[in-house]
Amino acid sequence: MGHMSPRLRAFLYEPIGEKDIGCVDGISRELAINLVNKGFNKAYILLGQFLLMHKNESEFQKWMIRCCGATEYEARESSNCLKEWCACFL
């Protein structure tokens, strides 16, 4: 897994539960607002989108950029966060 940011480590520490969208590593305050406005207010809802895309990081990142206004960095970090969570808990 390599180096983990403190935020990623905290996210992976426990099941996803009712964590807010802002807890996902790579999600800035601005992106969190965009996601909430699109109905993605909880981390598990964003995880559901990731799973609907068959955990395809490339497609998820494109969707984050195109539909949610994520930067490439935000899209990459958030998809990695969800991928790592899946590896730990699924």
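The values are calculated or read from the model by the stated rules, or taken from the named source; none is laboratory data. Given the structure is predicted, the values throughout are model-derived calculations rather than measurements. Here Cβ is always computed from backbone atoms with ideal geometry, including for glycine, and neighbour counts include all displayed protein chains. Remember, those area values only see protein heavy atoms, side chains included, never the ligands or the DNA or RNA. Shrake-Rupley method; radii C 1.70, N 1.55, O 1.52, S 1.80 Å.
Which one of these is at pLDDT 95 or above and either over 13 Å from the mean Cα position of the chain (by Cα) or open to solvent by less than 30 Å² (accessible area, probe 1.4 Å) (or both): Ile21, Ile45? Result of the check over Ile21, Ile45: Ile21.
With respect to being of a type in the set (A, V, I, L, M, F, W, C), in contact with an Asp or Glu (Cβ under 7 Å, 6 or more places away or on another chain) and either open to solvent by less than 50 Å² (accessible area, probe 1.4 Å) or more than 21 Å from His3 (Cα to Cα) (or both), Cys68 falls outside the description.
Quick check, is Leu31 over 19 Å from Leu90 (Cα atoms), of a type outside the set (Val, Ile, Thr) and surrounded by 17 or more Cβ atoms within 10 Å (Cβ to Cβ)? When the stated conditions are applied, Leu31 passes them.
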